[in-house]
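Sharing a structure with you now.
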Amino acid sequence: MVECKYHNRHGLRSDLKVAHYTQSRFADVVRGDNKNKNEHDHFHQAWLVTNTQYTSEAIAYAKCMGLKIWAWRYPKHRGLEHYIEQKHLSITILPSLSGSVLERLSHENIILASDLFAHSAAELVSRFGVPEKVARAVSSGVTALCAK
């Protein structure tokens with residue numbers, strides 16, 4: 001079972017409570033799942049994935065309980081940011097882009113976040129007609145994803 005936590009505010013951390021609640025939900029699911037006669041359909045492990053960092057208490061709890069966790073900078077050298085840097089992510093990963101803006105960009109063959117990295121916020125406004133506020137958010141998001 002995988003539980004995903006998405007936060008759009010920088011600096012938030014997933015703490016012990018988040019890990020504990022996930023582990024508790026997993027235990028509840030397993031108890032209910034054990035009533036199923038087919039042993040191959042059971043959940044065997046819980047995962048907690050987030051785009052934030054974990055507190056040291058959450059990490060210690062997860063290790064103790066066998067809860068697998070994946071986050072920004074965790075595990076070390078294999079965290080979420082490492083995966084993002086190694087992959088060419090679609091521009092649809094950027095929550096600030098609406099359907100109409102996505103369509104305009106795709107008509108210009110801008111499909112990947114790395115394609116957007118070459119364009120400034122001002123250029124997104126002037127060349128692609130992206131609203132200024134959206135262009136700033138997109139530029140910031142793309143820089144966070146693609147800057148080395």
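Readers should treat all values here as calculations from the given coordinates under stated rules, not as data from a laboratory. A quick note: this is a predicted structure, and the numbers were derived from the prediction, not measured. Using ideal geometry, Cβ is built from the backbone for each residue, glycine included, and neighbour counts are taken over all protein chains shown.
With a bin width of 10 angstrom, please list the P(r) values of the range 2-84 as percents of all Cα-Cα pairs, from the 0 bin to the one holding the largest distance.
It works out to 18, 46, 25, 10, 1, in whole percents.
Dividing the convex hull volume of the alpha carbon atoms of the chain by its residue count, what do you get in Å³ per residue?
146
Please state the relative contact order of the chain as a whole percent: Cα pairs under 8 Å, 6+ residues apart?
RCO, the chain: 19 percent.
Regarding the range 88-146, what is the average projected area of its C-alpha convex hull, in nm²?
Average projection, Cα convex hull of the range 88-146: 3.2 nm².
Would you mind telling me which residue in Arg73, Arg136, Arg31 has the biggest mean-square fluctuation in a Gaussian network model of the chain, where springs connect alpha carbons within a distance under 10 angstrom?
Between Arg73, Arg136, Arg31, it is Arg31 that shows the largest mean-square fluctuation.
In square nanometres, what is the average projected area of the Cα convex hull of the range 45-90?
3.6
Run the quick spin-label model on Arg13 and His77: label points 7 Å from Cα toward the beta carbon, then report their separation in nm to one decimal.
2.4
Could I have the simple spin-label model distance between Thr92 and Met65, label points 7 Å from Cα toward Cβ, reported in nm to one decimal?
Using points 7 Å along Cα→Cβ, the separation is 3.3 nm.
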